[in-house]
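Trainee: One structure follows; several queries about it will come next.
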Amino acid sequence: MIGRFAPSPTGPLHFGSLLAALASYCEAKTQGGTWLVRMEDLDKPREITGAADHILRTLEAFGFEWDGEVVYQSERSALYQDALSQLKANSLIYDCDCSRKEIADSAQHGIDGLIYPGTCKYKANVKAPYASRVMVHSNPIAFIDVIQGAIQQNLAQDIGDYVLKRADGLYAYQLAVVVDDFEQRISHIIRGADLLDSTPRQIYLQQLLNYPTPQYAHIPLASNARGEKLSKQTLAPAIDASQASMWLSQALKFLGQQAPKDLEEYPISNIWQWAKQHWDIQKVAPHRNHPV
Ligand code: GLU
């Protein structure tokens, strides 16, 4: 069993990312597995200087212990390029020089942005700089999520051909995550439910690249008092390691674990001991409304 936590260094760790770290860590530890940390620092324009180190120091201060070295996606472009070349050799991708405006003028809204209408699929002359898109089909992609249950998506209807490498040369998250989860032999992926809609795109790439599909579990999203998902965009407060016991206890409770009421008063090592003895992913509810 190999699990992972894959933060993007676009800001400090917040409660939502702590939930993903904690759930994946507890699951790995209770199964006697390995837990890896991968820094998803591909999107350099969105990166905040110092955030990667800050996230790692915060994890450490909370008492997380990862196995092996932290992997940085920014150092792994050759792997992403290999996967892209493999797809190209099998005629599964095409070049696209559509501007955002051209797409916005002709596309319909899907579940995650605009559904690319396939404009460049049969275009003879595509001008540089261009993006690379993978061709999708309309056979449903289905999987059973450990927390969310049976999930199904039709990529052609819901998403459209999606970008694997952007026109500015950046490899897309969907490609990098699939290549890395395979290269790192990740068997169990536990992360926030905001990525549930991305999972069929990732399973589809795994199928095209002949990679196995890991087991997926998407934990409920934490929201703030305004009902907004906690994220860097909604300015979720950074979690402070000086209050690690409080944050860890709240996170365990949010994840449905029947922790003792006074868990937050335990020393941090006892909280970890409790968590490693009692963690049960079956207790995690698919949705939570309670604000933090
Ligand atoms: N890097 C992504 C994020 O911070 C998570 C990717 C994943 O777990 O697949 O939202």
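Every number here is computed from the coordinates shown, using simple stated rules; none is lab data. Because the structure is a prediction, the values reported are computed rather than measured. Positions of Cβ are generated from backbone atoms using ideal geometry, with glycine treated the same way; all protein chains shown enter the neighbour counts.
Trainee: Any residue that is more than 20 Å from residue 224 (Cα to Cα), small (Gly, Ala, Ser) and exposed (fewer than 13 other Cβ atoms within 10 Å of the Cβ) - is there at least one of those in the stretch 243-265?
Mentor: Step one: of the stretch 243-265, the residues more than 20 Å from residue 224 (Cα to Cα) are 245, 257-265.
From what's left, small (Gly, Ala, Ser): 245, 259.
Those left that are additionally exposed (fewer than 13 other Cβ atoms within 10 Å of the Cβ): none.
Within the stretch 243-265, not a single residue is more than 20 Å from residue 224 (Cα to Cα), small (Gly, Ala, Ser) and exposed (fewer than 13 other Cβ atoms within 10 Å of the Cβ).
Trainee: Within the stretch 17-40, track down each residue that is touching a Ser or Thr at 6+ places or on another chain (Cβ under 7 Å) and near the ligand (Cβ under 9 Å from one of its atoms).
Mentor: The initial filter retains those residues of the stretch 17-40 that are touching a Ser or Thr at 6+ places or on another chain (Cβ under 7 Å), namely 28, 35, 40.
Correct list: 40 only.
Trainee: Now, a different point. Suppose we filter 126, 136 for residues that are under 23 Å from the mean Cα position of the chain (by Cα) and either assigned to a loop (DSSP other than H, G, I, E, B) or under 20 Å from residue 81 (Cα atoms) (or both); which single one remains? Talk me through it step by step, then tell me what you get.
Mentor: Values: 126 fails: under 23 Å from the mean Cα position of the chain (by Cα).
Among 126, 136, only 136 is under 23 Å from the mean Cα position of the chain (by Cα) and either assigned to a loop (DSSP other than H, G, I, E, B) or under 20 Å from residue 81 (Cα atoms) (or both).
Trainee: Kindly indicate which of 138, 106, 74 is touching an Asp or Glu at 6+ places or on another chain (Cβ under 8 Å) and small (Gly, Ala, Ser). Outline the logic, then answer.
Mentor: Working: 138 fails: touching an Asp or Glu at 6+ places or on another chain (Cβ under 8 Å); 106 fails: touching an Asp or Glu at 6+ places or on another chain (Cβ under 8 Å).
Just a single option satisfies the conditions, and that option is 74.
Trainee: Same structure, new question: Which residue is nearest to residue 257 (Cα to Cα), if the candidates are limited to the stretch 208-224 and must be without any contact (Cβ under 8 Å) to a residue 40 or more places away in the chain and away from the ligand (no atom under 13 Å from the Cβ)?
Mentor: Let us first name the residues in the stretch 208-224 that are without any contact (Cβ under 8 Å) to a residue 40 or more places away in the chain, namely 210-212, 214.
Narrowing further to those that are away from the ligand (no atom under 13 Å from the Cβ): 210-212.
Numbers: 210: 37, 211: 33, 212: 30 Å.
If we take residues in the stretch 208-224 being without any contact (Cβ under 8 Å) to a residue 40 or more places away in the chain and away from the ligand (no atom under 13 Å from the Cβ), then 212 is nearest to residue 257 (Cα to Cα).
Trainee: While we're here: In this structure, does residue 194 turn out to be more than 19 Å from residue 209 (Cα to Cα), touching a residue at least 24 places away in the same chain (Cβ under 8 Å) and part of a loop (DSSP other than H, G, I, E, B)?
Mentor: Working: more than 19 Å from residue 209 (Cα to Cα): yes; touching a residue at least 24 places away in the same chain (Cβ under 8 Å): yes; part of a loop (DSSP other than H, G, I, E, B): no.
The answer is no for residue 194.
Trainee: Going by the conditions given, is residue 87 within 16 Å of the ligand (Cβ to nearest atom) and hydrophobic (A, V, I, L, M, F, W, C)? Spell out the reasoning first.
Mentor: Numbers: within 16 Å of the ligand (Cβ to nearest atom): no; hydrophobic (A, V, I, L, M, F, W, C): yes.
No: the conditions fail for residue 87.
Trainee: Every residue in the stretch 116-152 that is buried (at least 17 other Cβ atoms within 10 Å of the Cβ) and small (Gly, Ala, Ser), please.
Mentor: Answer for the stretch 116-152, where residues must be buried (at least 17 other Cβ atoms within 10 Å of the Cβ) and small (Gly, Ala, Ser): 118, 131, 132.
Trainee: Going through 167, 156 one at a time, which residue ends up being assigned to a loop (DSSP other than H, G, I, E, B), more than 16 Å from the ligand (Cβ to nearest atom) and either within 25 Å of residue 85 (Cβ to Cβ) or within 13 Å of the chain's Cα centre (by Cα) (or both)?
Mentor: On the way: 156 fails: assigned to a loop (DSSP other than H, G, I, E, B).
Selected residue: 167, the only one of 167, 156 that is assigned to a loop (DSSP other than H, G, I, E, B), more than 16 Å from the ligand (Cβ to nearest atom) and either within 25 Å of residue 85 (Cβ to Cβ) or within 13 Å of the chain's Cα centre (by Cα) (or both).
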